[in-house]
Amino acid sequence: MMMTYVHVQLGGPSWGVPLGRRDARTTTQAAANSNLPSPSSSAATLISAFASKGLDSRDMVALSGAHTIGAARCASFRSRVYNDSNINAGFATRRRQVCPAQGGVGDGNLAPLDAFSSVRFDNGYFRNLLSRFGLLHSDQELFNGGPVDSIAQQYAGNGGAFSADFVTAMIKMGNISPLTGSNGEIRNNCRKPN
C-alpha cells in the first residue's frame, strides 16, 4: 500500500491492493536484489527476467517507467556515461560531473533517474529515452532499436496509456508467488511484522 500512496502523492495512478494477504516474516537485501535485473542488462535479458515471473514485455516497459521517480548511484551508471555510444553527449557530460570515471570514487553520488521530472510520476522517463537521456544502460535498452521501442514510444506520447498499463502490471506483479498456508503472516500493520 505504501507504493500506491507514494505514486499517488507524486501524481501517479492509484490501484486497489488486496488486504489480508500473507507477508514474509523476514526479508534480506540479497534475496530482494536477486530478483532485480542489473542496471547493465540488455533488452533481451530484461524481457527474459520479467517473463520468468509471468510478466510480458509491455509489463516490463510499464514497470520500468517507475524510474520516472528516484535516483541511482554513480556506481550503477558510470559505465553508461563513460562508455555507451547510445547516449546524448550533453547528458553524459552533465552526469560525469557527479560521477568520476575512477571506480570507487564517488560511487554513492546520486543522479535522478528522470532528467527533468524526477519528483513527479509521469511519462517524462519515456520522453527522456527518446532523446537518449536514459541514465541506466537498462533504461536506454527500452528504446535502442529493439523489440520494445514501440511501447516506449507509445508511452512517451501517451501518459494515460502508460498509467493504465502501469496499474495493470503492478497488480500482476503483486500476484506473483503469493505466500499461502502457514508461510508468512497476515500483518496487523502492513508496515511492520506482527
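Points to keep in mind about this one:
- Residue list for the range 44-77, restricted to those being under 26 Å from Ala101 (Cβ atoms) and small (Gly, Ala, Ser): Gly70, Ala71, Ala72, Ala75, Ser76
- Residues of the range 38-68 satisfying the condition of being modelled with pLDDT of 95 or more and β-branched (Val, Ile, Thr): Thr45, Ile47, Val61
- Among residues of the range 112-128, those that are surrounded by fewer than 21 Cβ atoms within 10 Å (Cβ to Cβ) and of a type in the set (Phe, Trp, Tyr), counted: 1
- Check on Ala49, surrounded by fewer than 18 Cβ atoms within 10 Å (Cβ to Cβ) and more than 22 Å from Val17 (Cα to Cα): yes
- Qualifying residue in the range 57-64 (condition: among the acidic types (Asp, Glu) and either more than 23 Å from Phe121 (Cβ to Cβ) or assigned to a loop (DSSP other than H, G, I, E, B) (or both)): no
- Selection count, the range 147-156, where residues are closer than 16 Å to Asp59 by Cβ, touching a helix residue (DSSP H, G or I) at 6+ places or on another chain (Cβ under 8 Å) and surrounded by fewer than 21 Cβ atoms within 10 Å (Cβ to Cβ): 3
- For the range 65-86, the tally of residues that are surrounded by 20 or more Cβ atoms within 10 Å (Cβ to Cβ), among the hydrophobic types (A, V, I, L, M, F, W, C) and within 24 Å of Tyr155 (Cα to Cα) stands at 3.
- Single residue of the range 108-160 satisfying the filter (acidic (Asp, Glu) and closer than 19 Å to Asn83 by Cβ) that is nearest to the chain's Cα centre (by Cα): Asp139
The values are calculated or read from the model by the stated rules, or taken from the named source; none is laboratory data. All values derive from a computational prediction rather than experimental measurement. FYI the Cβ positions are ideal-geometry reconstructions off the backbone, even for glycines, and counts take in every protein chain you see.
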